[in-house]
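Trainee: One structure, as structure tokens, below. Some questions next.
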Amino acid sequence: MRKDKKQVIGDEIGDEQIKLFLDFEPVDATSPSLHKLIKAYRGLRIDDFERFLTFFVEAGYDVDGKDEQGNDFIALIQDQRNAPDYIELINKARG
């Protein structure tokens, strides 16, 4: 594969499929916003996650939602290998 080409694994997904991640609701005291971010983080590729964030913010969800221990999205993923790219997107979504 050429170095200037990005490898795409799996089928492209549409906006409606990405918006389905806005439907997930927590079963504990985690904020609905944080729960949706975590589900999208686990289920979407970085490019799709970026598209998800647009819908997420437009729907009025909070990128700074917290779990029962007071951790936000960045605190929960910061030690993971791909975290810097996702953290950058969250910071852009904050404005």
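Taken together, the values in this text are just the output of simple stated rules run on the coordinates, not laboratory data. Because the structure is predicted, anything quoted here is derived from the model rather than measured. All Cβ positions, glycine included, derive from the backbone under ideal geometry; neighbour counts span all protein chains shown.
Trainee: Hand me the tally of lysine pairs in the chain: alpha carbons under 18 angstrom apart, and the pair either on different chains or 8 or more positions apart.
Mentor: Value for the chain: 5.
Trainee: Label points 7 Å out from Cα along the Cβ direction at Glu88 and Ala29: separation in nm?
Mentor: For the pair Glu88/Ala29, the computed spacing is 3.6 nm.
Trainee: Calculate the dipole size of the chain relative to its Cα centre from +1 charges on Lys and Arg beta carbons and -1 charges on Asp and Glu beta carbons; express the result in debye to the nearest 20.
Mentor: 500 debye
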